[in-house]
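A.B. asks: Got a structure for you, questions after.
The values are calculated or read from the model by the stated rules, or taken from the named source; none is laboratory data. Note that the coordinates shown come from a computational prediction; the quantities given were computed from them, not determined experimentally. Glycine gets a Cβ as well: all are built from the backbone with ideal geometry, and neighbour counts include every protein chain shown. Quick note on the areas: whole protein, heavy atoms, side chains included, nothing else; ligands and nucleic acids left out. Shrake-Rupley method; radii C 1.70, N 1.55, O 1.52, S 1.80 Å.
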Amino acid sequence: MNDPQLDPGDIAALFDRARLRMARELRGLTQVQLAREVGSVTAASVSQFENGHTKPATSTLRRLAVALRVPPTFFAAPARPPAQDQVNGFFRSLRSTSPRDRQQALAYVHLARELALELEKHVALPDLNLPRVPIDEGQPLQSIDIEQAAAQVRNHWNVPGGPVRDVVRLLEMNGITVVRFRVSIEKVDAFCVDFPDRPVVALGADKGLRDRSRFDAAHELGHLVLHGISGQIGDKATEGQAHEFAAAFLMPADDIKSELPDRLDWPAFLRLKAKWHVSLAALLVRAKTLGVMSEHTYAQGWKALSARGWRKVEPGPLGNPEVPVLLQRALELMETTGLSFDDFINRSGLPEADVRALLSRDITERPRVEF
């Protein structure tokens, strides 16, 4: 449907209100700010365009495209069912992220889904293969249920015992789109959106820590498996359950319990960190959860981590974070069929700079200078 040959009148006729909202949120603008940028519309008009009460005229559409830095064809409705209007993301802490930051991050994830679905017109992506563990609303999830759910997913995906080699690759091989983007969003941590056709896990590109990033990816997998579309968002119990899932998925009790020290043997913990590619903090929590370490020793362990500054920067760096490759490889494969990246961008109507940001591999362990 997004055909570069569409004339402006066609684009106006096929106008998709969800695309306007996505473009506005990608740019981090309110309706008032967008109206100001465009100059010839009011905030009320923008609101009416977005809620479907009216459609913009062709000349207005052109000005909206310029203000939002998207091709005019971006506004033509894609030939597929849209995502539900209100698909929410599982964000870690709703208090520390402003609604605008969350909306901008969500808009990027909607764009990642659009990119995956556009690519699927040209190449076959892995089928979605995601086991779900339905939550009985009346019965709160117990830790044992979560441990079993993590074991079930490993089993379903044929993950051998021991450390998971590459969490991000595992998600991608099973049809989950993973992106890392460095957009100017300060406090948005990793999160996921459970689109029924192509769930997306977004990992913050500013975390150059392999152990933390792997835990993030497993945490988001926990949300998709345990909570799906119906889970409570940003609620403490939900987050705690996803954390427990990540620990059980990365460090299965049967495999790691006998290896965990019952005292604060830091050389032993550092060896385990190097083997399992998880943080010292995660190993400490696992030792207590599995009953290997006493409450008292565990509390001493946290004090030691704080005193040594290890809660901010741990010893034993593990190298660069895992890198998503699915979208990049799909594009490369598409190009071997004779369709160039430029042609693909023209046909899809997606904004090129944003697609490139989603595919960016600019991940480094060096801390960035912040101003």
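A.B. asks: Using modelled backbone amide H atoms (1.01 Å from N, in-plane), which distant-in-sequence or interchain residues come within less than 5 Å of Arg180's amide H?
C.D. replies: Leu203
A.B. asks: In Å², and per residue, what accessible area does region 241-303 have when probed at 1.4 Å with the other protein chains present?
C.D. replies: For region 241-303, the solvent-accessible area averages 44 Å² per residue.
A.B. asks: Moving on to the next point. Could you work out how much longer the chain between Thr54 and Glu295 gets when fully extended? Use 0.36 nm per residue separation minus the Cα distance between them, nm to one decimal.
C.D. replies: Net length gain for the segment: 80.6 nm.
A.B. asks: Can you work out the FRET efficiency for the pair Gln152 and Lys236, with r the C-beta to C-beta distance and R0 = 25 Å, to the nearest 0.05?
C.D. replies: 0.55
A.B. asks: Let me ask you something else. What are the ³J(HN,Hα) values, in whole Hz, obtained from phi via the Karplus relation 6.51 cos²θ - 1.76 cosθ + 1.60 with θ = phi - 60°, for each residue of region 247-259 in sequence order, with x given for Gly and Pro?
C.D. replies: 4, 5, 6, 7, 9, x, 3, 4, 8, 9, 4, 6, 8
A.B. asks: At 7 Å along the Cα-to-beta-carbon direction for both Ser258 and Ser360, put a label point, then send me their distance in nm to one decimal.
C.D. replies: 4.7 nm
A.B. asks: Kindly write out, for region 8-24 in residue order, the coupling ³J(HN,Hα) from the Karplus curve 6.51 cos²θ - 1.76 cosθ + 1.60 (θ = phi - 60°), rounded to whole Hz, with x marking Gly and Pro.
C.D. replies: x, x, 4, 4, 4, 5, 8, 3, 10, 4, 5, 5, 5, 5, 4, 4, 4
A.B. asks: For labels at Glu352 and Arg63 in the simple 7 Å Cα→Cβ model, what's the distance in nm?
C.D. replies: 2.6 nm
A.B. asks: Something else about it: Rounded to the nearest 0.05, what FRET efficiency do Asp166 and Arg132 give with R0 = 25 Å and r taken as the Cβ-Cβ distance? Could you check?
C.D. replies: On the way: r = 23 Å, r/R0 = 0.91.
In this case the efficiency is close to 0.65.
A.B. asks: Also, I was wondering about something else. Label Gln142 and Asp343 with points 7 Å out from Cα along Cα→Cβ: what is the distance between them in nm?
C.D. replies: 5.9 nm
A.B. asks: To continue, here is another question. Report, in listed order, any pair from Lys275/Lys303; Lys236/Lys303; Lys273/Lys303; Lys236/Lys275 with a Cα-Cα distance greater than 22 Å. Let's see the in-between values first.
C.D. replies: Working: Lys275/Lys303 24 Å; Lys236/Lys303 24 Å; Lys273/Lys303 19 Å; Lys236/Lys275 30 Å.
The answer is Lys275/Lys303; Lys236/Lys303; Lys236/Lys275.
A.B. asks: At 0.36 nm per residue, and after removing the present C-alpha to C-alpha distance, how many nm does the segment from Arg329 to Ala13 gain when stretched out fully? The partial results should precede the final answer.
C.D. replies: Details: separation 316, 0.36 × 316 = 113.76 nm, distance 3.45 nm.
Going from the current span to full extension adds 110.3 nm.
A.B. asks: Ignoring ligands, DNA and RNA, please state the percent of accessible area on region 228-343 from carbon and sulfur, probe 1.4 Å.
C.D. replies: Carbon and sulfur atoms account for 53 percent of the accessible area of region 228-343.
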